[in-house]
Amino acid sequence: MTTNADNLPICNIDNETLTSVRNYVATHDDFLKRTLKFGSPLQRAKALLFLQIAKGGGAL
């Protein structure tokens, strides 16, 4: 389960899904970081969510 800075769950993700997200972020890191800078607000939110889930949390 992924938690935020207060150790509260931000989402209930099984290990297989978490591994898939981490693999996606590892192979698409540059794309996601460019999306954070230049994407639409919705694209930015999705990219931020992927990056935060992959690193194990963060404040949402």
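Quick one: would you say PHE50 is exposed (fewer than 13 other Cβ atoms within 10 Å of the Cβ) and at pLDDT 90 or above? In short, no.
Which one is modelled with the highest pLDDT, of the residues in region 6-23 that are in a strand (DSSP E or B) and of a type outside the set (Val, Ile, Thr)?
Of everything passing the filter in region 6-23, CYS11 is modelled with the highest pLDDT.
The values are calculated or read from the model by the stated rules, or taken from the named source; none is laboratory data. The structure displayed is predicted, hence computed values, not measured ones. Here the Cβ is made from the backbone with ideal geometry for all residues, glycine too, and neighbour counts use every protein chain on show.
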